[in-house]
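Okay, so here's the structure we're looking at.
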Amino acid sequence: MSQQPLIEMKGISKSFVGNKVLDNVNFEVRAGEVHALLGENGAGKSTLMKILTGIYQRDEGEVLVKGEPVHFQSANDSEKKGIAVIHQELNIIPYLTVMENMFLGREIKYGKTGFINKKRMVQKTKEYLDQLGVEINPLAKAKELSVGQQQMVEIAKALSLNAEVIVMDEPTAALTDREIERLFNVVEKLREQGVGIVYISHRMEEIFKICDRISVLRDGEYIGTREVENVEYDEIISMLVGRELGTLFPERDTKVGQVRLKVENLSSDMFNDISFEVKEGEILGVAGLMGAGRSEIMQALFGYRDLENGKIYIDGQETKIKKPLDAIKAGIGFVTEDRKEEGLVLTMSVRENFTLTNLKDVSNQSIISGQKESQFVNSMISRFNVKTSGMEQEVKSLSGGNQQKIVIGKWLGINPKILILDEPTRGVDVGAKKEIYQIMNELTEQGVSIIMISSELPEVLGMSDRIMVIHEGQIGAELNRDEADQEKIMFAATGGE
Ligand SMILES: Nc1ncnc2c1ncn2[C@@H]1O[C@H](COP(=O)(O)OP(=O)(O)OP(=O)(O)O)[C@@H](O)[C@H]1O
Ligand SMILES: [Mg+2]
């Protein structure tokens, strides 16, 4: 390992319209290390990496690449210096194919002719995806892929750039255990090749597993750097949050009532013969591998996709749900897994996003009341602890975890009877996770029925009253809270192999 770090960032400061989000931050990356960059939602991690890669310009400070000062004006500049990023907000263009996304702007041509060598690009795309052990058709349109698959394409793209430094901004947020394992193998290989990796994640177990050093940011300030070997979990947490956190999963005092939702024999092209119930005040956890059909079942229940067969009963009444509006009218709320596609209107403000599904509550006789609206929005901001410069901030410029809080908050305003949460804490920091769990408990105490799809087994086990495991579009197992454990869930999720 050479002495000279690959990357040195010194005294970096950055403000957005008077709001200082990075203050005198230091960070370095050495060859052959996996360096975790940690911090709560809104701490400034993504911003620091966007400064490194030329997407944002720093106000103060220095960036050195192998000792040489640089001023990147665009991501293109930093790519040329061997720095690749897998962004937290996926950068995939939905209407292009996987291959086109991989080679956008750097197409492989036939010699000097200038004609695009499609065959070679397809082959290369396949090679990089093979390295990750995923089977994705290079010619599939990106929009046909699941979020997890899109993430894999982004990772493959970073590999294809042969970068010396790869920034991974929450790469595993949309992946299941198997894909994460594969990604870790790739990270291991890259490390052996001397690549420096910046690894951003809110999942502590990952940090301890693959990282060599950690650096912590809090509220835009640099708190410190530690060797993972010499640091305890509790020390990291207190560096992160500046206080003791206590247990992550709050005590659940479950009192379930009548059957609230009952579905019988739901079938479509993606799943078959799904029957289950959820009671008042109950949390039903839905586990399974990516692509098992969990989200699709819930989308059908919400009227986002067609059912071939099946009946839905709410409070004993058969209810026809043909479109999302029917579901909303029947008292169902749905927090989707893909906040960018379905959950939020990114170009709108925090205020507009909160009120979008809650127009009734903020209006007097169908005219929006400014006073009611700001009361409502401010109460939501404080309830969810959203880090924002004010309710007019564009949602696009909030940190990832804060966007997620808005997606959840948005649906709570309609006072749903049944709330479907698809990966509710993806990309959310530990403090905010705990807040979301507490909110889930408060809701169930008020009688709301919650269906929670989650790929994080500790979360499924920590929060569910009952667990339904989906395997290849069918129910693989139903487990009570007391009998469930990681092994049983994984066993059922993989078809009992
Ligand atoms: N383009 C922008 N305009 C205005 N404010 C911004 C912009 N980009 C980021 N911010 C603000 O900077 C702060 C840091 O955001 P950043 O995205 O870096 O956080 P993060 O540490 O990556 O959080 P998360 O874990 O939620 O992804 C936040 O308060 C955010 O609202
Ligand atoms: Mg971020």
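Being within 14 Å of Arg260 (Cβ to Cβ) and either buried (at least 22 other Cβ atoms within 10 Å of the Cβ) or not small (Gly, Ala, Ser) (or both) is the requirement here; does Leu412 meet it? Answer is no for this residue. In segment 169-194, the qualifying residues are those that are within 16 Å of ligand 1 (Cβ to nearest atom) and either open to solvent by 70 Å² or more (accessible area, probe 1.4 Å) or touching a strand residue (DSSP E or B) at 6+ places or on another chain (Cβ under 8 Å) (or both), and the one that is farthest from Met49 (Cα to Cα) is Pro171. Scanning segment 369-427 for residues that are small (Gly, Ala, Ser) and closer than 28 Å to Ser146 by Cβ yields a count of 6. Scoring Asn76 on the criteria (1) within 27 Å of the chain's Cα centre (by Cα); (2) surrounded by 14 or more Cβ atoms within 10 Å (Cβ to Cβ) leaves a single failure, condition (2). For segment 470-487, the set of residues classified as farther than 14 Å from Asp273 by Cα and either polar (S, T, N, Q) or crowded, with 16+ Cβ neighbours inside 10 Å (or both) consists of Leu479, Asn480, Arg481, Ala484, Gln486, listed by residue number.
Out of the residues in segment 392-401 that are assigned to a helix (DSSP H, G or I) and under 17 Å from Leu356 (Cα atoms), state the one that is nearest to ligand 1 (Cβ to nearest atom).
Within segment 392-401, the match that is nearest to ligand 1 (Cβ to nearest atom) is Lys396.
Among the residues of segment 216-245, the one identified as open to solvent by 60 Å² or more (accessible area, probe 1.4 Å), within 16 Å of ligand 1 (Cβ to nearest atom) and either modelled with pLDDT under 90 or in contact with a Pro (Cβ under 7 Å, 6 or more places away or on another chain) (or both) is Asp219.
Test Ile12 against the criterion of being touching a Gly at 6+ places or on another chain (Cβ under 8 Å), modelled with pLDDT of 95 or more and within 16 Å of ligand 2 (Cβ to nearest atom), and give yes or no. Yes.
The residue that is surrounded by the most Cβ atoms within 10 Å (Cβ to Cβ), among those in segment 351-408 that are of a type in the set (Asp, Glu) and in contact with a strand residue (DSSP E or B) (Cβ under 9 Å, 6 or more places away or on another chain), is Glu373. Sub-8 Å Cβ pairs linking a first residue in segment 334-346 that is closer than 13 Å to Gly427 by Cβ and open to solvent by 40 Å² or more (accessible area, probe 1.4 Å) to a second residue that is in a strand (DSSP E or B) and modelled with pLDDT of 70 or more, at least 6 apart or interchain, are Glu337/Asp422; Glu337/Ile453, ordered by first then second residue.
Quick one: would you say Lys81 is more than 16 Å from ligand 1 (Cβ to nearest atom) and modelled with pLDDT under 90? No. Among the residues of segment 66-81, the one identified as in a strand (DSSP E or B) and under 19 Å from Leu22 (Cβ atoms) is Pro69. Of the candidates Leu22, Leu64, Leu90, the single residue that is over 28 Å from Leu145 (Cα atoms), within 16 Å of ligand 2 (Cβ to nearest atom) and not aromatic (Phe, Trp, Tyr) is Leu22. Checked against the criterion of being closer than 30 Å to Gly291 by Cα, of a type in the set (A, V, I, L, M), free of Cβ contacts under 8 Å to residues at least 60 places away in the same chain and open to solvent by 10 Å² or more (accessible area, probe 1.4 Å), segment 199-215 contains not a single residue that satisfies it.
The values are calculated or read from the model by the stated rules, or taken from the named source; none is laboratory data. Remember, it's a predicted structure, so these values are computed and weren't measured experimentally. Every residue, glycine among them, receives a Cβ derived from its backbone with ideal geometry; neighbour counts consider all protein chains shown. Surface accessibility is based on the protein's heavy atoms, side chains included, excluding ligands, DNA and RNA. Shrake-Rupley method; radii C 1.70, N 1.55, O 1.52, S 1.80 Å.
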